[in-house]
Amino acid sequence: MMDRYAVFGYPIGHSKSPLIHQQFAAQTKQTLSYEAIEVKPDVFSATMDAFFHAGGKGVNCTVPLKELAYDKVDQLTERAEFSGAVNTVKLMDDGTLLGDNTDGVGLLTDLCVNLGLSLDGKRILVLGAGGAARGILGPLLSA
């Protein structure tokens with residue numbers, strides 16, 4: 001059976017995540033399904049339950065669902081706890097849901113590794129107050 005993953009958001013039609021994840025899977029010789037699913041906030045919890053009940057392995061969450069995902073999961077990583085937002089949900093072997101926030105580590109990888117920038121002594125302006133903005137604050141401050 002093929003592992004199934006998805007990104008939930010509202011709206012979600014603009015998402016490049018399915019293409020990116022399918023390309024990554026091909027590069028790493030993995031067989032998986034990754035789809036974009038439009039999920040309104042009022043049905044988020046039920047949709048998440050149905051996705052995992054149907055065999056889903058993991059979900060990414062984007063606007064406006066990161067705070068709802070934070071409340072939905074059973075366990076939080078330290079960075080998800082710090083940010084108060086979850087963008088990555090993993091179904092654990094015991095059936096519980098682990099929530100993480102990878103926004104900050106992803107941004108730092110892009111800035112410092114991919115672009116070769118140094119953040120030492122820099123002043124950074126973050127515009128926004130949602131889950132993504134909160135997800136990048138801790139990693140930025142650490143860097």
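Number of Lys-Lys pairs in the chain under 26 Å by Cα, sequence gap 8 or more or different chains?
17
Return P(r) of the chain (all Cα-Cα pairs; 5 Å bins starting at 0; whole %; ordered from short to long distances).
It works out to 2, 10, 18, 21, 20, 16, 9, 4, 1, 0, in whole percents.
Give me the one-decimal nm value for the distance between modelled label points at K57 and Q30, 7 Å along each residue's Cα-to-Cβ direction.
Placing both labels 7 Å beyond Cα along the Cβ direction yields 0.6 nm.
Rounded to a whole number, what % of the accessible area of region 1-82 do carbon and sulfur atoms account for, probe 1.4 Å?
Working: 2780 of 5100 Å².
Whole-percent figure for carbon plus sulfur exposure: 55.
Can you pull the Rg over Rh of region 28-69, Cα-only, Kirkwood?
Values: Rg = 11.5 Å, Rh = 11.4 Å.
With Rg and the Kirkwood Rh in hand, the quotient comes to 1.00.
Return the FRET efficiency for the residue pair E38, D74: r is the Cβ-Cβ distance, R0 is 25 Å, and the value is rounded to the nearest 0.05.
Working: r = 25 Å, r/R0 = 1.00.
For E38 and D74, the calculated efficiency is 0.50.
Keeping every protein chain present and rolling a 1.4 Å probe, give me the accessible area per residue for the chain in Å². Write out the running numbers ahead of the final one.
On the way: 8680 Å² over 143 residues.
Result: 61 Å² per residue.
For F24, tell me the accessible area in Å² from a 1.4 Å probe, rounded to the nearest 10.
Roll a 1.4 Å probe over it and F24 shows about 110 Å².
The values are calculated or read from the model by the stated rules, or taken from the named source; none is laboratory data. Since the model is a prediction, treat every value here as computed from it, not as a measurement. Cβ coordinates were reconstructed from backbone atoms using ideal geometry, including for glycine residues, and neighbour counts include every protein chain displayed. What goes into the accessible areas is simple: the full protein's heavy atoms, side chains included, and nothing from ligands, DNA or RNA. Shrake-Rupley method; radii C 1.70, N 1.55, O 1.52, S 1.80 Å.
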